[in-house]
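What follows is a short report on a single structure.
The values are calculated or read from the model by the stated rules, or taken from the named source; none is laboratory data. Predicted, not measured: the structure shown is a model, and the values here were computed from it. Neighbour counts are summed over all protein chains in view; Cβ atoms, including those assigned to glycine, are modelled from backbone coordinates with ideal geometry.
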Amino acid sequence: MTIILLFLAGIVAGGFGGLLGIGGGAVMLPIVRFGFDFSPSIAVGTTLVAVVFTAVAGSYQHWKMGHVDWKSVKYIAPAGIVGVIIGSVLFYWIKDYHELIDLILGIVFAPIAASMIYEGLFLRNKPDFPGRTMGGNIPLKAGIGGGVGIFTGMSGLGGGFIMVPAFVYLLRSPVKIAIGSSMASFVWFATVGGIIKIAQGLCDVPAALAMGLGAIGGAIIGARLCSRIRPATLKTIFGFIFLYVSLKYIFSYFGITI
């Protein structure tokens with residue numbers, strides 16, 4: 001029964017992740033941590049392995065729709081791989097400090113919530129950049145990739161909420177190209193990070209497979225809907241949900257349940 005519920009959670013996470021361009025990890029992580037009572041370190045590792053499936057399925061759909069700037073991805077992805085290795089090593093040092101991990105993740109979810117609420121409420125009619133490629137130079141692209149890679153290794157999250165705005169505002173990317181290129185870059189981050197987490201013993205493999213397989217269908221649906229739906233309302237709703245998740249993590253550090 002638990003495996004079936006994890007599979008269904010994967011469908012939901014993959015769908016909203018593909019639609020909102022944030023990856024499924026931000027939805028999966030609090031589900032396995034609080035819904036299935038995984039320890040913080042196992043929740044992070046399991047989520048990272050599961051989102052490999054989301055990233056592959058979602059990036060494939062965005063590639064088919066022409067939403068990936070591969071010339072930029074070839075600089076972002078290698079830097080991200082180096083970053084995720086560094087982040088995974090750092091995370092292993094603190095894996096037994098469960099309360100500290102909860103606090104860190106609570107802090108991580110706060111800007112996710114704030115950015116989604118802001119975008120949903122105030123950027124509904126923001127004009128998009130033209131074209132099908134990103135600007136910027138190679139060091140800037142590599143810097144974004146490396147920084148997000150470290151974040152991924154530490155948190156188990158894809159960092160789409162960092163990469164997509166960075167691509168739009170720093171690289172002047174059209175939003176759909178930013179979302180597709182973010183997903184395509186994250187495939188490499190998640191694959192390397194997931195292998196490391198399994199090797200470190202920080203992954204519940206059956207749970208990750210169940211969520212990951214469910215996320216494949218969800219990510220395909222979400223990526224397709226991305227071209228047809230303005231997700232501003234969903235971003236606002238999920239922003240407030242993630243605000244609650246952030247507070248729940250932070251209060252858990254102090255032994256308070258909300």
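Checking each residue in region 74-101 for being among the charged types (D, E, K, R) and farther than 19 Å from Gly159 by Cβ picks out Lys95, Asp96, Glu99. A Cβ distance below 7 Å, combined with a sequence gap of six or more or placement on separate chains, defines the contacts here; from region 207-223, residues that are in contact (Cβ under 8 Å) with a residue 40 or more places away in the chain and under 21 Å from Lys176 (Cβ atoms) reach residues that are in a helix (DSSP H, G or I) and hydroxyl-bearing (Ser, Thr, Tyr) in the pairs Ala215/Thr54; Ala219/Thr54. One residue stands out among those in region 235-254 that are in contact with a helix residue (DSSP H, G or I) (Cβ under 6 Å, 6 or more places away or on another chain) and surrounded by fewer than 19 Cβ atoms within 10 Å (Cβ to Cβ): the one that is farthest from Ser155 (Cα to Cα), which is Thr236.
How many residues are over 17 Å from the mean Cα position of the chain (by Cα) and touching a residue at least 24 places away in the same chain (Cβ under 8 Å) when one looks only at region 38-67?
Summing the residues that are over 17 Å from the mean Cα position of the chain (by Cα) and touching a residue at least 24 places away in the same chain (Cβ under 8 Å) in region 38-67 gives 6.
With respect to the conditions (1) modelled with pLDDT of 85 or more; (2) part of a helix (DSSP H, G or I), Gly66 falls short on a single one, namely (2). Can you confirm whether region 126-144 contains a residue that is in contact with a Cys (Cβ under 7 Å, 6 or more places away or on another chain), surrounded by 23 or more Cβ atoms within 10 Å (Cβ to Cβ) and modelled with pLDDT of 85 or more? Scanning region 126-144 turns up no residue that is in contact with a Cys (Cβ under 7 Å, 6 or more places away or on another chain), surrounded by 23 or more Cβ atoms within 10 Å (Cβ to Cβ) and modelled with pLDDT of 85 or more. When the criteria are applied in full, Gly45 fails the requirement of being within 22 Å of Thr233 (Cα to Cα) and either assigned to a helix (DSSP H, G or I) or of a type in the set (Val, Ile, Thr) (or both). Just one of the numbered conditions (1) more than 25 Å from Ala199 (Cα to Cα); (2) surrounded by fewer than 24 Cβ atoms within 10 Å (Cβ to Cβ); (3) under 18 Å from the mean Cα position of the chain (by Cα) is not true of Gly180: (2).
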